[in-house]
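Just so it is clear, none of the values below were taken in a lab; they were calculated from the coordinates. Being a predicted model, the structure only gives us computed values, none of them experimental. Heads up, the Cβs are rebuilt from the backbone with ideal geometry, glycines too, and the neighbour counts pull from every protein chain shown.
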Amino acid sequence: MAEKSFLEEVMAIPGGERLRACIQCGSCGGSCPSGPAMDYTPREIFAMILAGMREEVLKSNTFWFCVSCYYCTIRCPQEIPITDIMYQLKRLAIQAGYYTASITGFSETFVGQVETYGRSFELGLATGHYLRHHPLQSIRMSPLMLGMVTRGRMSFTPKRIQGIRQLRAILRRAKELGGAW
Amino acid sequence: MRRYAYYPGCSLERNAAAYDESFRAVAEVLGIELVEIPDWNCCGATEYFSLDLLPAYALVARNLALVPPDLKEVVAPCSACYYNMLKTDKNMLAHPKLAAAVNEALAAGKLHYDPGRVHSRHALEVVVEDFSLEEIGAHVKAPLRGLRLAAYYGCVTVRPEGRDNFEYPSRMERLLETLGAEVVDYTLRANCCGGHMTQLDAETAYRMIHYLLYNAAKLEVDALVTACPMCQLNLDAYQGQVNSHFGTDFHIPVLYFTQMMGLAFGLEPEKLGFGQEIVSAERVLEKFRNPPPEEETAERKPRRERTGLPMPEPLAAVQRDSASLRR
């Protein structure tokens, strides 16, 4: 029963039930630009999901290395929304607590910023993320940051939208509603 | 005069201001009126959908709800913004339960969005679909003669909902040719730039960026031309990092297609955001100001054998070659 519920959890997105139709052809992994860095290729991950290997799947780095390029999605002969399934696996891994802050930290800082200001200021964010999680690499990044600053491409303070309270109310309600889609 | 709602998105406010400035300038020449969505918020990029689904949809739906009621189309120059709006509208339309939940969330902010009311379109799509190449060509005052360019689309401009060929798009190439440029057959045109991978795993990200730069350098292009601020940032701002990582010496300016249109339309480079790129485009402007004599361009020999389909350099060969280039 537990196995079945993991598959259902993964499939709980629009079009997700197509996952059952996977024929293990490997078009996804062959198309994946970050495949070499993954613990398991997308094809392997789908076999593992269908086999109910919840923990192994959610503890793997595969979906965190998905760059959301949609090559697999358009090439899948079974029309499985693979990229969206990768997003779903990210959410499930976060819910299960299987992640490291250096990986989800970027998404979380980004979302935190959006919820505070309504807009993101990507490079201020990137700097903050780097300093927190890769302090040594920050030194090597400094020429890049300097270049961005001198060309006026780096903002230090994000703009706050006027309707920030309205946006927060909407997001709060959406979180309360939650649910699977 | 064509009117569209306009969603600039966070990148275009600062980091990709060159894209915003050049798109607005080009739109004016084409007779496009851009009505900015009042008090728009961030679309969540690829981050919000990784964390929490319903708030991610609600975030995007607030922007759609704020589109003035007389406008049916919203144009976004950023590929992620364009696709998030398209995906939200499409999924709300296809899944009434989702639409109801999103609207229940929006109601907390006294807003409502009827799925199907606003259609999201990418800036490149609007330019090449709503205007014929003849119409665009009629605005060309200073052809980009002598400039050798590669069109680079990246991912979501093309997939999964783009209107060009998924595997081998060619609209930007036709546009750049109309502007008078020499356009190379860049087979990695729709490959991924790595998106936010620079933040997660630099090694993987640099390898992806290096692959794109290496193959563009092989084609001896004067510039890569893109339609996405994420692609521009990765290929331009991280080019120095990639060079020091792989011991290479790439100097390939990465520009927006709207900047190239503006140049060809005779607009001043300063008004098109030139100078904001990290890898200087000064040599591109130099060449543009001093085009080669007409006949020389016409007689130029093709640099590649035309015996088969063009292929990118295999990854293994790229790595081998780069190793030999290491300082």
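Okay, here's what the table says:
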{"quantity": "Value of [θ]222 nm, deg cm²/dmol, for the protein assembly as shown, DSSP H segments ≥ 4, -39500 (n - 2.57) each, nearest 500", "calculated": "-15000 deg cm²/dmol"}
{"quantity": "Under 19 Å from A:Lys90, Cα to Cα: aspartates and glutamates that are on another chain or at least 8 residues apart", "calculated": "A:Glu3, A:Glu8, A:Glu9, A:Glu17, A:Asp39, A:Glu44, A:Glu55, A:Glu56, A:Glu108, B:Glu47, B:Asp52, B:Asp201"}
{"quantity": "Listed residue (B:Cys78, B:Tyr214, B:Val67) projecting farthest to the positive dipole end of chain B, Cβ model", "calculated": "B:Tyr214"}
{"quantity": "Max mean-square fluctuation residue, GNM over chain B, Cα-Cα springs under 10 Å, options B:Arg145, B:Arg289, B:Arg189", "calculated": "B:Arg289"}
{"quantity": "Cut-off 15 Å between beta-carbons: net charge of the residues surrounding B:Arg159, Lys and Arg +1, Asp and Glu -1", "calculated": "0"}
{"quantity": "Label-to-label distance, nm, for residues given as A:Arg18 and B:Ser280 (7 Å Cα→Cβ offset)", "calculated": "4.9"}
{"quantity": "Shielding score for B:252-262, defined as the mean number of other chain Cβ atoms within 10 Å", "calculated": "0"}
{"quantity": "Ratio of the Cα radius of gyration of the protein assembly as shown to 2.2 N^0.38 Å, where N counts its residues", "calculated": "0.95"}
{"quantity": "Highest-fluctuation residue, B:Pro69, B:Pro38, B:Pro312 considered, GNM on chain B with Cα pairs under 10 Å", "calculated": "B:Pro69"}
{"quantity": "Spacing of the two label points (7 Å from each Cα toward its C-beta) at B:Glu135 and B:Glu28, in nm", "calculated": "2.0"}
{"quantity": "Contour minus Cα-Cα distance for B:Met311 and B:Glu268 (0.36 nm per residue)", "calculated": "11.8 nm"}
{"quantity": "Net charge contributed by nearby residues that have their C-beta within less than 12 Å of B:Leu144 (K/R +1, D/E -1)", "calculated": "+2"}
{"quantity": "Separation of alpha-carbon centers, the stretch B:264-283 and the stretch B:73-87, rounded to whole Å", "calculated": "25"}
{"quantity": "Eligible aspartates and glutamates near B:Lys110 by straight Cα distance, threshold 20 Å, same-chain separation 8 or greater", "calculated": "A:Glu115, A:Glu176, B:Asp39, B:Asp70, B:Asp89"}
{"quantity": "Principal axis box of the stretch B:1-90, alpha-carbon based, largest edge first, Å", "calculated": "41, 31, 21"}
{"quantity": "Peptide B:274-283 - average C-beta neighbours from other chains (10 Å radius)", "calculated": "2"}
{"quantity": "Separation between Cα centres of the stretch A:35-109 and the stretch B:27-61, rounded to whole Å", "calculated": "25"}
{"quantity": "Isotropically averaged projected area of the stretch B:114-242, using the convex hull of Cα atoms (one quarter of hull area), nm²", "calculated": "9.5"}
{"quantity": "J(HN,Hα) series, the stretch B:59-64, from Karplus relation 6.51 cos²θ - 1.76 cosθ + 1.60, nearest Hz, glycine and proline x", "calculated": "4, 6, 5, 4, 5, 4"}
{"quantity": "Reachable lysines, given that their alpha-carbon falls under 30 Å from the alpha-carbon of B:Lys218 and they are not under 8 places away in the same chain", "calculated": "B:Lys287, B:Lys301"}
{"quantity": "Scattering profile of the stretch B:162-313 at q = 0.16 Å⁻¹ [log10 I(q)/I(0), Debye over alpha-carbon scatterers]", "calculated": "-0.99"}
{"quantity": "Average beta carbon contacts from partner chains per residue of A:106-112, 10 Å cutoff", "calculated": "6"}
{"quantity": "Share of pairwise Cα separations in chain B, more than 28 Å, in percent", "calculated": "43"}
{"quantity": "For the stretch B:192-237 and the stretch B:137-151, distance of Cα centres in Å", "calculated": "23"}
